[in-house]
Amino acid sequence: TGERELYDNVADPNQLDKLARKLQRLRERDRAPRAILLSAGGNDIAGDEFAVLLNHKGSGLSALNDQVVDGVLGSRLRQAMISLLAAVTHLCEQTFRARLPILLHGYDYPVPDGRGYLGGFWMLPGPWLEPGFRRKGFTDLRERCAVMETLIDRYNAVLAEVAGGPGLEHVRHLDLRGTLSNEL
């Protein structure tokens, strides 16, 4: 979804218009995709506002603010994902007269040490996560990694629940946890 949050993309008709035009071009060439790979939601949990998901280290509370995480993942992101999947499904049905498979991927466990993706260049400069952890007093990298494992597990649980749900039986969740090395 680029640098925008999933919620913003769902509310922006330009995003769906772009996809509709791409699908239309494929249809005009008498080609249909075998599946749609949807990558969405990462900035909702790892973007600039990441620190709001955390309690301060010195508060004596658990690292993740469960109420905020539940609101972001279990409510806002879940509903936005369902809306986006329904819209993409509708576009595919309109364009190809078929319900195409949609692959919805989760994320693997990150190492929140401040590095950007692939060293940090172009659209993916970083730093992600580390500034939020630092702002909330978390300095130990192992502790940060453990917090991110919990958050990524919760994120993947939401995606797995949405995929295959009512009206979304053609949506599959790809669990990518454990795919990449996150050794310190």
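Per-residue HN-Hα couplings for the range 76-85, Karplus 6.51 cos²θ - 1.76 cosθ + 1.60 at θ = phi - 60°, whole Hz, x for Gly and Pro?
4, 5, 4, 5, 5, 5, 4, 5, 5, 4
Calculate the dipole size of the range 48-158 relative to its Cα centre from +1 charges on Lys and Arg beta carbons and -1 charges on Asp and Glu beta carbons; express the result in debye to the nearest 20.
Values: 12 positive and 12 negative charges, 33 e Å.
Approximately 160 debye in magnitude.
In the full protein assembly as shown, how much of residue 93 is accessible to a 1.4 Å probe, in Å² to the nearest 10?
60 Å²
List the aspartates and glutamates whose Cα lies under 17 Å from the Cα of residue 136, skipping any in the same chain that are fewer than 8 positions away.
Cross-link targets: 48, 49, 66, 113.
Not counting ligands, DNA or RNA, and with a 1.4 Å probe, what is residue 56's accessible surface area in Å² rounded to the nearest 10?
Roughly 90 Å² of residue 56 is accessible to a 1.4 Å probe.
What number, rounded to the nearest 500 deg cm²/dmol, is the helix-based mean residue ellipticity at 222 nm of the chain, given -39500 (n - 2.57) per DSSP H run of at least four residues and division by all its residues?
Estimated from H runs of four or more residues: -13000 deg cm²/dmol.
Calculate one ³J(HN,Hα) per residue across the range 50-61 by plugging θ = phi - 60° into the Karplus curve 6.51 cos²θ - 1.76 cosθ + 1.60, and present them in order as whole Hz with x for glycine and proline.
3, 4, 5, 7, 9, 7, 5, 3, x, 7, x, 8
Just want to confirm a number: the relative contact order over the range 7-96, from Cα pairs under 8 angstrom separated by 6+ residues, in percent.
Computed value for the range 7-96: 37 percent relative contact order.
Could you state the accessible area per residue of the chain in Å², with a 1.4 Å probe and every protein chain left in place? Before the final figure, lay out each step's value.
Values: 10480 Å² over 184 residues.
Averaged over the residues of the chain, the accessible area is 57 Å².
How much of the accessible area of the chain, probe 1.4 Å, is carbon plus sulfur, in whole percent?
52 percent
Report residue 162's accessible area, 1.4 Å probe, all protein chains in place, as a number in Å² to the nearest 10.
Residue 162 has an accessible surface of roughly 10 Å² with all protein chains in place.
As a test of reading the structure, rank 151, 61, 26 by solvent-accessible area (1.4 Å probe, protein chains only), most first.
Output order, biggest surface exposure first: 61, 26, 151.
Sorted by accessible area with a 1.4 angstrom probe, largest first, how do 155, 107 fall?
Final ranking, largest accessible area leading: 107, 155.
Give the long-range amide H neighbours of residue 173: residues separated by 5 or more places, or on another chain, with amide H under 5 Å away, using H modelled in the peptide plane at 1.01 Å from N.
Hits under the 5 Å cutoff: 104.
The values are calculated or read from the model by the stated rules, or taken from the named source; none is laboratory data. Keep in mind that this is a model prediction, so the values were computed, not measured. Quick reminder, even Gly has a Cβ in these numbers, built from the backbone with ideal geometry, and neighbours come from all protein chains shown. Ligands, DNA and RNA are excluded from the accessible area calculation, which covers all protein heavy atoms including side chains. Shrake-Rupley method; radii C 1.70, N 1.55, O 1.52, S 1.80 Å.
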